[in-house]
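Worksheet for the structure shown next.
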């Protein structure tokens, strides 16, 4: 065991190269034993072994994605190696190498960053040609074989429709994520599609719209502070691309005594946001069906390894290559629907959000 830990330390520190690591790992059998393999009950020797590489497990949702994937993989009788890279692209690269040494037959991946991810999956494809499944969004590479990703446009549409149904008209602020990230652009565009007829009629006026790098809640706080100053606190709605931005916006509203008076939404149903939904300070949060996303990734890995076509509801063309995938729907979670949502998804416990 000491030799195995030392081997990984040498690789992560750059003291040995990838070729030397793979050769030594194969000799020690270290990749599986040291990096760990999670699996269900004992299986036959010809069972499918899948690797799932996460950027980390620090984000609240990743542990849930992991569990949903594992549940479906267990149902299918697959074994799996699952690792989190602590937001370190070099570590993710090494972990995937270790998975390959262990003998994975398919790779599901959420890259730490797109550029490093593109290089990693190109290399994996060149060296092994195993199926690669892009998870949570579509990595823009012809080397992926399948993808499972949310419908980002729908997230924005769900948010805006809820506001329109509640007749929240007047002055609005739109708080978007990074301008260079397609997820933020698509969520914003989806919302604006719904808002546009009401903007044209004069029912809605967008008085503030800003993009925020790294989804910084402090940026949202500053934007809403400025919007409130601009309008003399005459603001009726705030639409945020995700919950961290919503929490930053809520701080600005709370400072002016407007929490609960200004319609506010986010996305992902963070525990803090769920509590504020119960308290009446946030109107809703959109939630992507991560149960279906995890299941879709496991189903795709199982099918592709067996040479079968996995279920798909959309095909995207990436550099001239048609890549099938599953576009995952989202739903709005409000104070009224939160209890049923918690029961169905096990996303949070009622006691976590003040319902018990």
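Modelled label positions at residue 210 and residue 349, each set 7 Å beyond Cα in the direction of Cβ, lie 3.8 nm from each other. Helix 290-305 and the long axis of the chain differ in direction by around 30°, with both axes built from C-alpha atoms.
Backbone N atoms of the range 305-349 closer than 20 Å to the 7 Å Cα→Cβ label point of residue 76 belong to residues 305-316, 323-329. Using every pair of separate Cα atoms, the Kirkwood estimate puts the hydrodynamic radius of the chain at 21.8 angstrom.
Which order do the peptides 80-88, 332-340, 199-207 come out in when sorted by mean C-beta neighbours inside 10 angstrom, highest first?
Those peptides, ordered most packed to least, come out 80-88, 332-340, 199-207.
On the basis of the beta-carbon distance and an R0 of 35 Å, residue 122 and residue 279 show a calculated FRET efficiency of 0.15. May I ask you to derive the relative contact order of the chain, considering only C-alpha pairs under 8 Å and at least 6 residues apart, and to give it as an integer percent? Once divided by the residue count of the chain, the mean separation gives 16 percent. Taking the centroid of alpha carbons for each part, the range 45-106 and the range 239-297 are 29 Å apart.
Stokes-Einstein D for the range 152-288 at 20 °C, 1.002 mPa s, Kirkwood Rh over Cα pairs, in µm²/s? For these conditions, the coefficient is 151 µm²/s.
Bear in mind these aren't lab numbers, they're just calculated from the coordinates by the rules spelled out. Owing to the predicted nature of the structure, the values given are computational and were not obtained by experimental measurement. Cβ atoms come from the backbone with ideal geometry, glycine included; neighbour counts cover every protein chain shown.
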